[in-house]
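Heads up, the thing below is written out as structure tokens.
The values are calculated or read from the model by the stated rules, or taken from the named source; none is laboratory data. Just so you know, these numbers come straight off a predicted model, no measurement behind them. Glycine gets a Cβ as well: all are built from the backbone with ideal geometry, and neighbour counts include every protein chain shown.
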Amino acid sequence: MKCPVSFPQYFMHAVLERFAGKEVPAGGSFDGPTRGSLGEFIKDKLKLTLNPAVYLAALLIDEGCAETAGRGKIRFLSKGLS
């Protein structure tokens, strides 16, 4: 079974490097993610027609790479992936 969205290792490292220690909007809007948001980064780097930013944000929080920072925002920790 092929997944409709995947996050390659190189991409995950790029996300963590780009946003390390920063608080940014999740950018969950499918038709126009907020400028400077995780969603915009995903759209630009992976050229997807959908925006999985809210799912990736939840995954990053669950993995201890980020934390919630209020409604619609995510705060990346400095440590990144282990």
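Listed values, structure above:
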| quantity | calculated |
| --- | --- |
| Residues of the stretch 15-60 satisfying the condition of being of a type in the set (A, V, I, L, M) and within 8 Å of the chain's Cα centre (by Cα) | Val15, Ala26, Leu38, Ile42, Ala53, Val54, Leu56, Ala57, Leu60 |
| Residue pairs meeting the criteria (Cβ under 9 Å; at least 6 apart or on separate chains; first in contact (Cβ under 8 Å) with a residue 24 or more places away in the chain and more than 14 Å from Ala14 (Cα to Cα), in the stretch 68-79; second part of a strand (DSSP E or B) and polar (S, T, N, Q)) | Ile74/Thr68; Arg75/Thr68 |
| Qualifying position, being modelled with pLDDT of 95 or more and over 24 Å from Pro4 (Cβ atoms), among Lys22, Lys79 | Lys22 |
